[in-house]
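Visitor: One structure, as structure tokens, below. Some questions next.
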Amino acid sequence: MLRLEAVHAYYGRAHILAGIDLAVERGEAVVLLGRNGAGKTTTLKAAMGLVPVATGRVVFLGADIAGRAAHEIARIGIGYVPEDRRIFAGLTVMENLAVGRQPPRRDAPTWTVERLFGLFPNLAAMRDRPGGRMSGGEQQMLSIARTLMGNPRLVLLDEPVEGLAPAIVEEMARTVLALKREGLTVLLSEQNLAFARLVADRAYVIEKGQLRFSGTMAALMADAAARTRYLSI
Amino acid sequence: MEFVAVQFLNGLASASSLFLVASGLSIIFGVTRIVNFAHGSFYMLGAYMAWTLATRLSAGPLGFWGAIIGAALAVGVLGAALEVTILRRIYRAPEMFQLLATFGVVLVVEDLALLIWGPADLLGPRAPGLRGAVDIFGQRFPEYELLLIAIGPLVLVLLWLLFYRTRWGTLVRAATEDREMAAALGVDQRRLFTAVFFLGSVLAGLGGALQLPRETINLNMGFATVVEAFVVVVVGGLGSVPGAYLAAFLIAELHAFGILVFPKITLVLIFLVMAVVLIVRPHGLLGRPFVGLPASVVSPAAVLRPSSPAARWVGAIGFVALLAAPFALGDYALTVATEIAILVLFAASLHFIMGPGGMVSFGHAAYFGLGAYAAALVASRLAAPMVAGLFVAPVVAGLAGAAFGWFSGRLSGVYLAMLTLAFAQICWSVAFQWAELTGGDNGILGVWPPAWAAPAAAYYYLAVALSLSAVLLLRRAIRAPFGYALRAGRDAPLRAEAIGIDVAATRRIAFAVAAGSAGLAGGLFAFFKGSVFPTYLSIPRSVDGLLMVLLGGVNSVSGPVIGAIVYTGLGEQLVRFTDYWRLAMGVAIIALVLAFPEGIAGFAARLADRRRGAPAEDAR
Amino acid sequence: MSVLAVRDLAKSFGGVQALAGVSFEVAAGKMQAMIGPNGAGKTTCFNLLDGQLRLDAGRVYLAGTDITGLPTRRIWRLGVGRTFQIAGVFASMTVAENVQTVLLSHRRRLAAFWPRVADLYRDEALDLLAQVGMAEQAERSCGVLAYGDVKRVELAMALAHSPRLLLMDEPTAGMAPGERMALMSLVAGLARAREMAVLFTEHDMDAVFAHADRILVLDRGRLIADGSPAEVRTDARVRAVYLGSDAVAEAG
Ligand SMILES: Nc1ncnc2c1ncn2[C@@H]1O[C@H](COP(=O)(O)OP(=O)(O)OP(=O)(O)O)[C@@H](O)[C@H]1O
Ligand SMILES: Nc1ncnc2c1ncn2[C@@H]1O[C@H](COP(=O)(O)OP(=O)(O)OP(=O)(O)O)[C@@H](O)[C@H]1O
Ligand SMILES: [Mg+2]
Ligand SMILES: [Mg+2]
């Protein structure tokens, strides 16, 4: 569904991604692991068109989307949840959700506000609260819900459970699994190996902008050496 | 009593006009964060275009109203074109920078209008079917004004519905806060911004076109209106459309009655009101503080690096050139050089609060002018020597800056900028109206330096010595702990308080220092020109300062120096070679803006970085 | 004597009662965790303690002195350091300069107009950065750091004035598991060595149970538990509102 081929990206002249190749198949959940500053966020942003791809291809549903504007990428069905939440602070919960809304797609699960409130009951209680007046965790939930409103085919989740309470993390794991069952494809970046292990089928480990490991989640869990080396666990 | 009622209605009609312009300005600023100086020019163009259309089209109602609507739409298209061709290219530049481009547009439009419509005032036709008047409390009141009174609230309701009850409005408000995130959610922010510019400009054009039966149309109507519209936007509270109406009402009624009650201070009445409102309510009447958003309008700058060897060489060569100038330049060129030397200090002092402080000032000329007046008064009234004048100038201006800083404690961003403007206008009107002391419009004449400093070269060296030392001291302060405290307060005010920095006090001190430096420049200027006029503290001079800083680059310590040299030099040359110097200057500014979106010094620094191969990292 | 004592703290935002009658103490040299569901009031509590928000009711004592209602900067001078949940650093300065600025403030030298910051307290700043593992990045601009690195810089800044009480709001958010543990061990070591009291929030239960000497649990603005890690872990109410079935915690 999504394929990155030899993607290079820079900030100014700092070389951040040095040839990333990865693929996500339909209905899969794939996790991108790596230490701080490894380039996980940059990889997701490059796929989303938020960081320019210097060389290489980003192929989504057969078309090269590298170089396209972010809003076009969003409209062909890629959803993005940023690590720093980026809630519209002056808009209410309902309005934040409205911004994310896109028409339903045949090949992706369809979301409504009520369905999302079922998923995140906290939000249901604060429909008219401005986003700036919510706790960090509440904002995280809203950020995910807002992206789902676009009925994406593929979601890019950047550390989705960071700052969420354990009970909610569990809830999220169940949600992601449920989303997968409905045919949604997920690419997430994580440091929380426990969560990754619950939801992901395959993993890539990235270090200094290069891939160091790729394989099934089970293979990674079995490979203690790789885990210590790249993830310092 | 009857008179009061009619005067009140007059006020209401003006409020509607003002509201139309101000709401357009508010929408554009709210969404794009662009301080659009060209908004007043659009207002003026609306009036001129309506005049042309109305005099060409049939005389009936269809012709008249067709002209009004047609003019408004045409101005809307111009606004959209401005966004697409110029502003869109510089959204990523430091905020406030776009102001430069819009100012270039102001200059261009002014001269083009002069070319097309000529310098004479134009009188438009009256509205067919609304030529009469109705009886109100026994007084005749024009029907057309009644229509205007109705239009204001109508537009208010429509705008409110548009922004708070439609999806488009929600998207616009989202893009206002975070363009990138909105784009990642599928919002095409480019189209949105163009549409917003169109809408805002239509409102400006409509406001201008509707003046057709009311006033004569002239080339000055734009500038007066844009300043007033800014006052309305800020007094009402940024982003609050009802607030803008309330403020327009307040200000229009003040005009209507102020003339009767306080004829002497009508010029500043609205600025006094704005100052009071802002001091009592730092976010305007109905504005709310942005939750979770920095109120500052200057984006965090790049890190200060030690100056490169290349820059040192340029500095050294420049210094030698400064010393050698009197031997190489003729008298005229030397006076221009002296003026530039003085204005460099003026620009550097403004940069001190704008760059590291993140506090934009629309009224920095106040301190320049206060310094000039202080020096001139000491010299002419007390017959004190020039040295005393040059000593008093920065002290008086610095004290004024400290006083201002005390009042402005809680303000930031555009609110602060507008309070500085109010303060400058108040100072200006004092200089203008306290004729016994200041000579009013005639100014103070005969403020000449003593014999030893009278030759052009001698005064040149004096100006360069004082200005250069002051600029170097400011530069040093930016790299000293104080500069870091100031930047800390700009980058993250909460964090700064949480490491023991008294952000408000730091800003007050910065204001006083900047004001004192500007005052010294003003004092030097007074003895340089031999006279002092109220224009020294007027808005155009403040705007000059702003343009110099932005042109040079806010994020660079050498920016204001370069900006002042380029801007003054350019202006000086263009005036000499063409009658349409505004047009030429405007085009030059726009070209510079497009070529150097980080300011000229910012661009030079980037070049130097590249040559050195230093890691060039950009803050987003 | 406890370094921090809090009595009946209360705060509401409009209709939302974010904190209602919370009392607790933190002892010198101890690591005390404050956990609770999202929106329980943890960050609000920190904001009240360091003076960023005005409290509706209650008292705050620092080593016996009443500091209720003092402005943030005074509280900082009295020895309270803080890191933020949504990290705040000075984006236009380098990593080292961020720490140097704190050191300058601590020594009350920020009003100086002459000396160059580049030469002031640089070694001390680099020492602090080395402790949190950021020494190699000292010359980078803080505006371009990865999120986890920003949090480390913040910690170095919070430690710079040797606080008596350190408040950390989700200090390890955005870090890899191994690094979380290392960072928490570092703080725990400092707490013991300097007799510094630490109050921290965290949603990573591994970090909490491995390093907290005592745990407070907040739920909807009320304290529902206050005890040793073992007591809290087995508390039925805490499991119900916060910990969940432990599938995640145990999977790690
Ligand atoms: N705007 C920027 N300009 C320059 N460099 C940047 C910028 N943003 C990030 N970087 C650098 O790019 C590298 C990769 O960052 P990225 O955010 O992709 O890491 P990450 O793997 O997501 O880390 P984390 O787990 O901390 O979020 C880091 O070294 C970071 O400092
Ligand atoms: N400025 C505010 N105005 C209104 N409500 C607020 C404001 N700040 C916080 N709240 C509300 O107060 C409650 C407590 O928020 P707080 O940020 O303290 O939670 P928290 O425990 O830190 O949660 P998290 O773990 O998600 O960070 C939340 O319900 C939040 O929505
Ligand atoms: Mg990241
Ligand atoms: Mg919190």
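The values are calculated or read from the model by the stated rules, or taken from the named source; none is laboratory data. Keep in mind that what you see is a predicted model, and the values were worked out from it rather than measured. Methodologically, a virtual Cβ is constructed for each residue, glycine included, from the backbone with ideal geometry; neighbour enumeration extends over all protein chains shown.
Visitor: Among helices (runs of 4 or more DSSP H) lying entirely in segment B:385-451, which contain 1 or more residues that are closer than 26 Å to residue B:474 by Cα and in contact with a Ser or Thr (Cβ under 8 Å, 6 or more places away or on another chain)?
Guide: B:386-407, B:413-433
Visitor: Please determine whether any residue of segment C:197-211 is more than 12 Å from chain A (Cβ to nearest Cβ), more than 16 Å from ligand 1 (Cβ to nearest atom), among the aliphatic types (A, V, I, L, M) and in a loop (DSSP other than H, G, I, E, B).
Guide: no
Visitor: Hey, among C:70, C:48, which residue is in a helix (DSSP H, G or I) and either out of contact with any Phe, Trp or Tyr (no Cβ under 6 Å at 6 or more places or on another chain) or not assigned by TED's automatic domain parsing to the domain that holds residue C:220 (or both)?
Guide: Just one listed residue meets the conditions, C:48.
Visitor: Being surrounded by 20 or more Cβ atoms within 10 Å (Cβ to Cβ), under 29 Å from residue C:21 (Cα atoms) and at pLDDT below 95 is the requirement here; does residue C:210 meet it?
Guide: Spelling it out, it is not the case that residue C:210 is surrounded by 20 or more Cβ atoms within 10 Å (Cβ to Cβ), under 29 Å from residue C:21 (Cα atoms) and at pLDDT below 95.
Visitor: Right, something else. So which residues in segment A:49-75 are within 17 Å of the chain's Cα centre (by Cα) and either under 29 Å from residue A:229 (Cα atoms) or within 16 Å of ligand 4 (Cβ to nearest atom) (or both)?
Guide: A:51, A:58
Visitor: Can you tell me which residue within segment C:175-196, out of those that are surrounded by fewer than 24 Cβ atoms within 10 Å (Cβ to Cβ) and outside any helix (DSSP H, G or I), is farthest from the other protein chains (Cβ to nearest Cβ)?
Guide: So the residue we want is C:195.
Visitor: Here is a follow-up. Could you please let me know if residue C:18 is in contact with a helix residue (DSSP H, G or I) (Cβ under 7 Å, 6 or more places away or on another chain), over 26 Å from residue A:130 (Cα atoms) and either within 14 Å of another protein chain (Cβ to nearest Cβ) or within 15 Å of ligand 2 (Cβ to nearest atom) (or both)?
Guide: No; evaluated as a whole, the condition is false for this residue.
Visitor: Checking the structure you have, find out if any residue of segment A:188-196 is buried (at least 24 other Cβ atoms within 10 Å of the Cβ) and away from ligand 3 (no atom under 16 Å from the Cβ).
Guide: no
Results for (1) in contact with a Leu (Cβ under 9 Å, 6 or more places away or on another chain); (2) on the phi > 0 side of the Ramachandran plot, shown as yes or no for each residue.
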site	(1), (2)
A:44	yes, no
A:51	yes, no
A:57	yes, no
A:62	no, yes
A:67	no, yes
A:71	yes, no
A:75	no, no
A:80	yes, no
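Visitor: State all residues of segment B:190-220 that are buried (at least 24 other Cβ atoms within 10 Å of the Cβ) and without any contact (Cβ under 8 Å) to a residue 60 or more places away in the chain; if no residue qualifies, say none.
Guide: none
Visitor: Would you confirm whether any residue within segment C:21-28 is more than 30 Å from residue C:116 (Cβ to Cβ), within 16 Å of ligand 2 (Cβ to nearest atom), more than 10 Å from every other protein chain (Cβ to nearest Cβ) and aliphatic (A, V, I, L, M)?
Guide: Looking through segment C:21-28, at least one residue is more than 30 Å from residue C:116 (Cβ to Cβ), within 16 Å of ligand 2 (Cβ to nearest atom), more than 10 Å from every other protein chain (Cβ to nearest Cβ) and aliphatic (A, V, I, L, M).
Visitor: Output the number of the condition that residue C:151 fails; it satisfies all remaining conditions of (1) assigned to a helix (DSSP H, G or I); (2) buried (at least 19 other Cβ atoms within 10 Å of the Cβ); (3) within 12 Å of chain A (Cβ to nearest Cβ); (4) more than 16 Å from ligand 4 (Cβ to nearest atom).
Guide: (4)
Visitor: I'd like the full set of residues that are within 20 Å of residue A:231 (Cβ to Cβ), away from ligand 4 (no atom under 16 Å from the Cβ) and among the hydrophobic types (A, V, I, L, M, F, W, C), limited to segment C:154-197.
Guide: C:175, C:176, C:181, C:182, C:183, C:184, C:186
Visitor: Here's something else I'd like to know. Tell me which residues, restricted to segment A:140-175, are at pLDDT below 90 and in contact with a Gly (Cβ under 9 Å, 6 or more places away or on another chain).
Guide: A:140, A:162, A:163, A:164, A:165, A:166, A:167, A:168, A:169, A:170, A:171
Visitor: Within segment C:79-104, work out how many residues are hydroxyl-bearing (Ser, Thr, Tyr) and more than 7 Å from every other protein chain (Cβ to nearest Cβ).
Guide: 1
Visitor: Does segment A:136-159 contain at least one residue that is assigned to a helix (DSSP H, G or I), surrounded by fewer than 24 Cβ atoms within 10 Å (Cβ to Cβ) and within 16 Å of ligand 1 (Cβ to nearest atom)?
Guide: yes
Visitor: Suppose we filter B:576, B:541, B:582 for residues that are within 19 Å of the chain's Cα centre (by Cα), more than 14 Å from residue B:104 (Cβ to Cβ), at pLDDT 80 or above and assigned to a helix (DSSP H, G or I); which single one remains?
Guide: Being within 19 Å of the chain's Cα centre (by Cα), more than 14 Å from residue B:104 (Cβ to Cβ), at pLDDT 80 or above and assigned to a helix (DSSP H, G or I) holds for just one of B:576, B:541, B:582, which is B:541.
Visitor: Checking the condition at pLDDT 85 or above, out of contact with any Phe, Trp or Tyr (no Cβ under 9 Å at 6 or more places or on another chain) and surrounded by fewer than 16 Cβ atoms within 10 Å (Cβ to Cβ), which residue from B:374, B:333 passes?
Guide: After ruling out the rest, the residue left standing is B:333.
Visitor: So is residue A:128 modelled with pLDDT of 90 or more, within 16 Å of ligand 2 (Cβ to nearest atom) and among the charged types (D, E, K, R) or not?
Guide: yes
Visitor: For segment A:156-173, give me each residue that is more than 7 Å from chain C (Cβ to nearest Cβ) and either within 16 Å of ligand 3 (Cβ to nearest atom) or of a type in the set (D, E, K, R) (or both).
Guide: A:156, A:157, A:158, A:160, A:161, A:171
Visitor: When you check residue A:183 against the structure, is it closer than 20 Å to residue A:30 by Cβ and out of contact with any Leu (no Cβ under 9 Å at 6 or more places or on another chain), yes or no?
Guide: yes
Visitor: Now for a different question. Please determine whether any residue of segment B:166-177 is over 18 Å from residue B:18 (Cα atoms), facing another protein chain (nearest Cβ under 9 Å) and among the β-branched types (Val, Ile, Thr).
Guide: yes
Visitor: Going by the structure shown, is residue C:108 at the interface with another protein chain (Cβ under 7 Å from one of its Cβ atoms), over 24 Å from residue B:555 (Cα atoms) and surrounded by fewer than 19 Cβ atoms within 10 Å (Cβ to Cβ)?
Guide: no
Visitor: Go through C:102, C:153, C:144 for me and flag whichever is under 23 Å from residue B:483 (Cα atoms) and either free of Cβ contacts under 8 Å to residues at least 24 places away in the same chain or within 16 Å of ligand 2 (Cβ to nearest atom) (or both).
Guide: C:144
Visitor: What number goes with the only condition from (1) assigned to a strand (DSSP E or B); (2) over 13 Å from the mean Cα position of the chain (by Cα); (3) away from chain C (no Cβ under 12 Å) that residue A:218 does not pass?
Guide: (1)
Visitor: Consider residue C:223 carefully, then state whether it is more than 11 Å from chain A (Cβ to nearest Cβ), farther than 30 Å from residue A:199 by Cα and either surrounded by 23 or more Cβ atoms within 10 Å (Cβ to Cβ) or in contact with a Lys or Arg (Cβ under 6 Å, 6 or more places away or on another chain) (or both).
Guide: no
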